Amino acid sequence: MTFKKMLLVVSTALLPLLAACGTTDEATSIMDPATGEPVAINYPKDAQFVDVVEPSGSVQGAVVKVCPIDDPYCVPECPDFDPDCGEPPVCDPVNDYGCEPCDRTNPAAWCYCAPGLIGSYTTARVGREPYASLEVSSLAGTSCNRQVVTGIGARIVSDSNYETLHVEYRQPYADGSMGARTIFRSGSNPFGTLEAWASVPDGYAVVGVAAGQQGTHDLRTLIVYYRRIELTASGVRMTGPIYQINAGVNPYGSINASYLSSADNTVMVGVGFSSAVEQTKTIAAYVGTLP
């Protein structure tokens, strides 16, 4: 075999591997000369948004005693913020919001949870401080019907804290198709300009994520891993090779933490991050299970 022919054989063999990487040399973020911070330039201009309000601490920590509906002598404890509290509740578990017990399988009940393709998930925590408190977190859908992640973007502020998280979701269906793309904006500054953003092509969903700061207060490297989602003989599954998108102002820089699942029946349904001392030290991957 001639040397020229050998090169042809080797290059032909490498083509599928290169295609599986799914990487691109196109810039996805630039340094803003005015602020000196990265700015994502590939963010969609026609996105549909859902803004997630951060919970306030005033009522969040209050403990309220809930009386069973079959105990007429039970008197609930009265928090300061409820002036009407004090009488034993009269509850209709079908129509009264907040009444317990409630049959979540009854379509007529206030607590009914309409089932979808993904009804359960687990949380995988990775990084140098995997169980640290999350600074940003996003999980869409309901406990009976989770949506799959198709895009991730974030921003870190000068004190090395994540303050902005945008996650793109799509509703998966039993035939393998997905609904429209919707971006959920959350964090202490949900409308902040993203430093890095990555969104996967149609027909695909995210199965992993990695982040790197390279000793800065910026999200300089964001990697999103993804696979095709489609209907198979075993049901809706993640199929084919794992691709990746390298995003950020330094898309091929070192990473601080990463998560990736290669199982055919798992897909990300949410994500959370935490940073400290110029490192992304915590990634929480919310991983849905396909039936």
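The values are calculated or read from the model by the stated rules, or taken from the named source; none is laboratory data. Only a predicted model underlies this, so the values are computations on that prediction, with no experimental measurement involved. Note that we place each Cβ from the backbone using ideal geometry, even for glycine, and neighbour counts take in every protein chain shown. For accessibility, only protein heavy atoms count, side chains too; no ligands or nucleic acids. Shrake-Rupley method; radii C 1.70, N 1.55, O 1.52, S 1.80 Å.
Taking all Cα pairs closer than 8 Å and separated by 6 or more residues, the relative contact order of region 130-239 comes to 25 percent. When peptides 206-218, 132-144 are ranked by their average number of other Cβ atoms within 10 Å per residue, the highest-first order is 206-218, 132-144.
Scanning residues 5 or more positions from Tyr204 or on other chains, those with amide H under 5 Å from its amide H are Ile229, with H placed 1.01 Å from N in the peptide plane. Ranked from largest to smallest solvent-accessible area, with a 1.4 Å probe on the protein heavy atoms, Thr232, Thr28 come out as Thr232, Thr28. Accessible area per residue for region 165-291, computed on protein heavy atoms with a 1.4 Å probe, is 32 Å². Normalising the average separation of contacting C-alpha pairs (under 8 angstrom, six or more residues apart) by the number of residues puts the relative contact order of region 230-291 at 32 percent. Counting Cα-Cα pairs of region 198-291 in 5 Å increments starting at 0 gives whole-percent bin shares of 3, 15, 23, 22, 16, 11, 6, 3, 1, 0.
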